[in-house]
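Let me begin by presenting the structure, written as C-alpha cells, before commenting on it.
The values are calculated or read from the model by the stated rules, or taken from the named source; none is laboratory data. Just so it is clear, the model here is predicted, and its values are computed rather than measured. Here the Cβ positions follow ideal geometry from the backbone for every residue, glycine too, while neighbour counts run over all protein chains shown. Note: accessible area is taken over every heavy atom of the protein model, side chains too, but ligands, DNA and RNA are not part of it. Shrake-Rupley method; radii C 1.70, N 1.55, O 1.52, S 1.80 Å.
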Amino acid sequence: IPTTVVAAIVFMVKPEWFSRYGIALALTSIVAMSSVFLTMQAGTALRRELHLQGQAATLISEHSQAAHILAIIYVLFTATLIVAFAAQRISAGSPTGLGIVDSFLSPRWVLSTLRVALVVLALIAGFMTFRTGDLGAKAVWQGRIQAAQAGGPGGAQPFGPAQPGAGAP
C-alpha cells in the first residue's frame with residue numbers, strides 16, 4: 001500500500017509517468033487491495049482462536065476497526081485511480097469507445113477533480129496504513145513489554161517461552 005500511495009502522488013505531479021505506468025500502478029493497487037482483505041480474514045480467524053479479554057481485546061478491536069476503515073479507503077483509492085487513468089487517456093485523445101464514459105470523463109475539470117481526489121485518498125490510505133499497523137503492533141507488544149518490565153512470566157523472553165535446546169548447535 002505505501003508503494004502505491006507514494007507512486008500515485010508522484011504520478012499526479014508527473015502526468016506523463018501516469019500515462020506510461022498507470023496500468024502497472026492500477027494492477028499493483030488491485031493486488032494490494034486483495035492483500036488487505038486476505039489479511040483481514042486471517043486476523044478475524046486469529047481473533048476467534050485467541051479469545052482475548054481486557055486491554056488486549058480492546059487493542060485488537062481498535063486494530064480491526066482501523067483495518068476496516070483502511071479497506072474502505074483503499075477500495076475508493078483503487079477505484080479512483082482506475083477512473084483517473086481512464087480520464088487521462090480519454091483527455092489525451094484515446095477514447096474508450098463507450099460514448100457515455102467518454103463524454104463523462106473527457107472534460108478537463110473531471111480529470112482535475114479525480115487527480116485531487118486521488119491525492120487526498122492516497123494521503124488518507126497512507127495514514128490509515130500507518131495507524132492500523134501501529135495499533136496492531138501495540139496489541140502484540142504492549143502486554144509483552146509490560147510483562148518484561150514487571151519480570152512476569154515470559155518477561156525475559158519477549159518472543160515466547162524458551163524452547164529446550166533452542167539456539168543450541
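Restricting attention to helices (runs of 4 or more DSSP H) lying wholly within segment 1-111, give those where 2 or more residues are open to solvent by less than 70 Å² (accessible area, probe 1.4 Å) and at pLDDT 95 or above.
Per the criteria, 2-13, 15-50, 54-91.
Can you confirm whether segment 42-53 contains a residue that is touching a residue at least 40 places away in the same chain (Cβ under 8 Å), among the aliphatic types (A, V, I, L, M) and out of contact with any Leu (no Cβ under 8 Å at 6 or more places or on another chain)?
No: zero hits.
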